[in-house]
Amino acid sequence: MNWNLLAEEAPNTGWVMYVVLAAVIVLFVVWMFFSSKKGKKRQQEYIEQLDAIQPGHKVKTVGGICGIVVEVCDDNTVIIETGTEISGKSYVKMDKEAIAQTDAKGPTQLAREAEEERRRLEKEAKKNGAPVPESAEESAEEPAVEEKTEEPAPAEKEESAEKE
């Protein structure tokens, strides 16, 4: 095969390869930017979760130890209780960073759950044809309760009449 003939037939194909290569590089850079942003967000939520740990929260360490937090110390450590009454309880003091999972919720996670609940209620309200609730506290399933104004007792009426 004569390579010179191929080069003569398509003399302007070299720039196409550079454009494709540049597009791939740009896509890679954009992907790295967004993935690092997502990783930073996940790391921030993890830190908020660790800060929200209080006595009574369940935790699981990176080593697989499961327990309940008994005390949160000032030096970024926690004391967890493991075991049962029958087998015997033991207490482990460890760094907060050794906690892999917990049921504690940070402010970002609470806000996200409230937003998800609001969206769920809006979706149910649209599905049922009911008016859309304005807040997460107002449920589409629960009817609105009207406040009743109570009249003052007869003794209170007399006191208010005497003041006038």
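Just a few scattered comments:
- For Ile53: the one exception among (1) closer than 30 Å to Lys38 by Cβ; (2) modelled with pLDDT of 85 or more; (3) surrounded by fewer than 15 Cβ atoms within 10 Å (Cβ to Cβ); (4) not charged (D, E, K, R): (3)
Table: residues versus (1) closer than 29 Å to Glu113 by Cβ; (2) surrounded by 14 or more Cβ atoms within 10 Å (Cβ to Cβ); (3) without any contact (Cβ under 8 Å) to a residue 60 or more places away in the chain.
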{"position": "Arg42", "(1), (2), (3)": "yes, no, yes"}
{"position": "Glu45", "(1), (2), (3)": "yes, yes, no"}
{"position": "Val62", "(1), (2), (3)": "yes, no, yes"}
{"position": "Gly67", "(1), (2), (3)": "yes, yes, yes"}
{"position": "Cys73", "(1), (2), (3)": "yes, no, yes"}
{"position": "Val78", "(1), (2), (3)": "yes, yes, yes"}
{"position": "Glu97", "(1), (2), (3)": "yes, no, yes"}
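- Extreme residue, farthest from Cys66 (Cα to Cα), among residues of the range 112-139 that are modelled with pLDDT under 85 and among the hydrophobic types (A, V, I, L, M, F, W, C): Ala130
- Considering Glu97, Glu142, the condition of being among the charged types (D, E, K, R), out of contact with any helix residue (DSSP H, G or I) (no Cβ under 6 Å at 6 or more places or on another chain) and modelled with pLDDT under 80 is satisfied by Glu142 alone.
The values are calculated or read from the model by the stated rules, or taken from the named source; none is laboratory data. Fair warning: this is a prediction, and the values are worked out from it, not measured in the lab. So basically every Cβ, Gly included, is an ideal-geometry build from the backbone, and we count neighbours across all protein chains shown.
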